[in-house]
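Visitor: Take this structure first; my questions come after.
The values are calculated or read from the model by the stated rules, or taken from the named source; none is laboratory data. This one's a predicted model, so the numbers in the text were calculated from it and none came from an experiment. Reconstructed Cβ throughout: ideal geometry from the backbone, glycine too, with neighbour counts over all protein chains shown. Please note that ligands, DNA and RNA were not included when accessible areas were found on the heavy atoms of the full protein model with its side chains. Shrake-Rupley method; radii C 1.70, N 1.55, O 1.52, S 1.80 Å.
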Amino acid sequence: MTARNGNGQGPRVLQPVRVPGAHVVVSRFGRILGKRRAKENLAILAQAHAAYMGLKRSAAAIRGRGANIFTQWVGDPDALGSAVLLRAILIELGAKEVRILTGSLGHPQNRNLVARCGIELHDPNTGRLPRGLHCMVDSSPPLGMSNTGGVDPVRDFFFVADHHADPAEVEENCRARGVRRVKLAFVGIPVGSTSAFMAVIAEAFGLLEGLGPAGRAAAALGVYTDTSALLHGATPLDFKMFELLTADEETTDIVDDLRDYRVPPEWYLYRAAAFKNQQVTGAVRIAPIGFVREEHRDVIAEIANELLRVDGTSIGVAIAVTERGTEVSVRADSRLLGHDQPRIVRVIDYLLEVAFPGVSGFKYERRPPHRVEGGACVPLSAEQEERFHLDQVAPSAEGNGLLGHCRELAKTLVAALRDLKVAKPEDVAGLL
């Protein structure tokens, strides 16, 4: 029987999965994690068991087929590590060819990861396999919006695993964008990294040893980076899978090499511009950067992280213009707010909606305490593209109005904070 929405809108796009009982979960994963640890992680392991059984029962549909694994447009370690694991599972189940589809690599660490671990990437549009099974990791359908902008949409998905998105929002967005079905949907899974979820499934198939040191290192780096070195948002499953993935010396050596990355000299120009032009309002720091080249765009999030490290800061915001448009990256920590810590999500939602109406919203973790991550991007208008001449601008240049554009947005955010203080003073208590 096809599952239907309770609101009468017809069959669900995200097909519900059958979650097993505790005994079945412990029997499956006790040998991997130990019985006590398996019992302590029943919620996430029940999802992992459902994924394992769903993939195993679909072996006939996988055998002899091609498969496409979509990540975000800009691949990060968690997405790439998860894709490496899913690719191994699909090949084990008989897939003829599996391609990992990523548009670009913005961060030096990501480029090092792909080169060091030998990950072959393909263009999300021109490089996909025709008639291949469509999968997504560390992001959710529909394609062509949020962090997959620029990717041509598809209507049917075979497997999706994402620890970021809210299932109700994914269902609504899929319905609005014409996605018909997601057969195996694991969205909003309660774990710090999608790589940890995929790793325990891969080990249920007995595949971690066969991945080799490079494959295990890719998955381990995914766990490490998405949990901020296992310090923020990490669950017991993240710790355990990182431990299992890095149990051998060769894998550990590769992970150590990948953690010790270098950045381009231009990043220091961006940082200098950000801290020179930052606006501080209470516990909120907003840094206009100016222009950031496409290959350097991950520095925007890095600067937001650095702002948050300044003592007494609860929200750090970095604003820049890239070839994609005007981008803002937000990092926040609710620990300084005292009561009602989840209100920090409401504050950031409000700020982004004011500055980026209609396109704002978090793309990542939204469950405080403590750290909250998000951002937004709005394409430049035709008039702005003509006025800014992005192809002729140096990094963080003050000419062409780019830095002024970012400064105006910073002023808009400051004004929005002050308006919120008047309208809902309880929401900004401890911030202003």
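Visitor: What is the residue count in region 43-89 for residues that are in contact (Cβ under 8 Å) with a residue 24 or more places away in the chain, charged (D, E, K, R), open to solvent by 20 Å² or more (accessible area, probe 1.4 Å) and in a helix (DSSP H, G or I)?
Guide: 1
Visitor: Can you work out which of the residues in region 121-164 that are under 18 Å from Cys377 (Cβ atoms) and polar (S, T, N, Q) is nearest to the chain's Cα centre (by Cα)?
Guide: Among them, the one singled out is Ser139.
Visitor: Let me ask something else. In region 136-170, what residues are buried (at least 22 other Cβ atoms within 10 Å of the Cβ), touching a residue at least 40 places away in the same chain (Cβ under 8 Å) and among the charged types (D, E, K, R)?
Guide: Result: Asp138, single match.
Visitor: Can you tell me how many residues within region 105-118 are more than 17 Å from Ser193 (Cβ to Cβ) and buried (at least 20 other Cβ atoms within 10 Å of the Cβ)? Full working, then the answer.
Guide: Within region 105-118, the first condition is being more than 17 Å from Ser193 (Cβ to Cβ), and the residues that meet it are 105-106, 108, 111-112, 114-116, 118.
Narrowing further to those that are buried (at least 20 other Cβ atoms within 10 Å of the Cβ): 105-106.
Summing the residues that are more than 17 Å from Ser193 (Cβ to Cβ) and buried (at least 20 other Cβ atoms within 10 Å of the Cβ) in region 105-118 gives 2.
Visitor: Return only the number of the condition from (1) open to solvent by 10 Å² or more (accessible area, probe 1.4 Å); (2) under 20 Å from Thr194 (Cβ atoms); (3) in contact (Cβ under 8 Å) with a residue 12 or more places away in the chain; (4) not in a loop (DSSP other than H, G, I, E, B) that Glu250 does not satisfy.
Guide: Of everything listed in (1) open to solvent by 10 Å² or more (accessible area, probe 1.4 Å); (2) under 20 Å from Thr194 (Cβ atoms); (3) in contact (Cβ under 8 Å) with a residue 12 or more places away in the chain; (4) not in a loop (DSSP other than H, G, I, E, B), Glu250 misses just condition (2).
Visitor: Can you tell me which residues in region 212-247 are more than 25 Å from Lys35 (Cβ to Cβ), of a type in the set (A, V, I, L, M), touching a helix residue (DSSP H, G or I) at 6+ places or on another chain (Cβ under 8 Å) and surrounded by fewer than 21 Cβ atoms within 10 Å (Cβ to Cβ)?
Guide: Step one: filter region 212-247 for residues more than 25 Å from Lys35 (Cβ to Cβ), giving 212-215, 217-218, 221-222, 224-226, 228-229, 231-233.
The next check asks that each one be of a type in the set (A, V, I, L, M); those that pass are 214, 217-218, 221, 229, 231.
Among the residues that remain, those that are also touching a helix residue (DSSP H, G or I) at 6+ places or on another chain (Cβ under 8 Å) are: 214, 217-218, 221.
Within region 212-247, Ala214 is the sole residue that qualifies.
Visitor: Taking Ala376, is it closer than 18 Å to Ile319 by Cβ, at pLDDT 90 or above and open to solvent by less than 70 Å² (accessible area, probe 1.4 Å)?
Guide: Details: closer than 18 Å to Ile319 by Cβ: yes; at pLDDT 90 or above: no; open to solvent by less than 70 Å² (accessible area, probe 1.4 Å): yes.
No; evaluated as a whole, the condition is false for this residue.
Visitor: Filter region 254-272 down to residues that are assigned to a helix (DSSP H, G or I) and free of Cβ contacts under 8 Å to residues at least 24 places away in the same chain and give me whichever is most open to solvent (accessible area, probe 1.4 Å).
Guide: Tyr268
Visitor: Going through region 273-283 one residue at a time, which ones are within 27 Å of the chain's Cα centre (by Cα) and surrounded by fewer than 19 Cβ atoms within 10 Å (Cβ to Cβ)? Break it down into steps so the answer makes sense when it comes.
Guide: Initially, region 273-283 is screened for residues within 27 Å of the chain's Cα centre (by Cα), giving 273-275, 278, 283.
Phe275 - this is the single residue of region 273-283 that is within 27 Å of the chain's Cα centre (by Cα) and surrounded by fewer than 19 Cβ atoms within 10 Å (Cβ to Cβ).
Visitor: Would you list the strands (runs of 3 or more DSSP E) that sit entirely within region 96-163 and hold 2 or more residues that are touching a strand residue (DSSP E or B) at 6+ places or on another chain (Cβ under 8 Å) and more than 25 Å from Pro16 (Cβ to Cβ)?
Guide: Numbers: elements: 97-101, 133-137, 156-162.
Hits in region 96-163: 97-101.
Visitor: Scanning region 261-302 for residues that are more than 17 Å from Leu105 (Cα to Cα) and of a type in the set (D, E, K, R), which turns out modelled with the highest pLDDT? Full working, then the answer.
Guide: Restricting attention to region 261-302, the residues satisfying the condition of being more than 17 Å from Leu105 (Cα to Cα) are 265, 268-291.
Now narrow it down to the ones that are of a type in the set (D, E, K, R): 271, 276, 285.
On the way: Arg271: 94, Lys276: 94, Arg285: 97.
My answer is Arg285.
Visitor: If you go through region 199-211, how many residues are hydrophobic (A, V, I, L, M, F, W, C), open to solvent by 20 Å² or more (accessible area, probe 1.4 Å) and assigned to a helix (DSSP H, G or I)?
Guide: Qualifying residue count, region 199-211: 1.
Visitor: More than 17 Å from Lys276 (Cβ to Cβ) and not in a loop (DSSP other than H, G, I, E, B): does that describe Ala318? Can you show your working first?
Guide: Details: more than 17 Å from Lys276 (Cβ to Cβ): no; not in a loop (DSSP other than H, G, I, E, B): yes.
Answer is no for this residue.
Visitor: Of all residues being in a loop (DSSP other than H, G, I, E, B) and of a type in the set (Val, Ile, Thr) in region 292-315, which is most open to solvent (accessible area, probe 1.4 Å)? Just the residue, please. Let's see the steps before the verdict.
Guide: Residues of region 292-315 in a loop (DSSP other than H, G, I, E, B): 292-293, 297-298, 309-314.
Narrowing the set further to residues that are of a type in the set (Val, Ile, Thr) leaves 292, 310, 313.
Numbers: Val292: 0, Val310: 46, Thr313: 10 Å².
Ranking the qualifying residues of region 292-315, first place goes to Val310.
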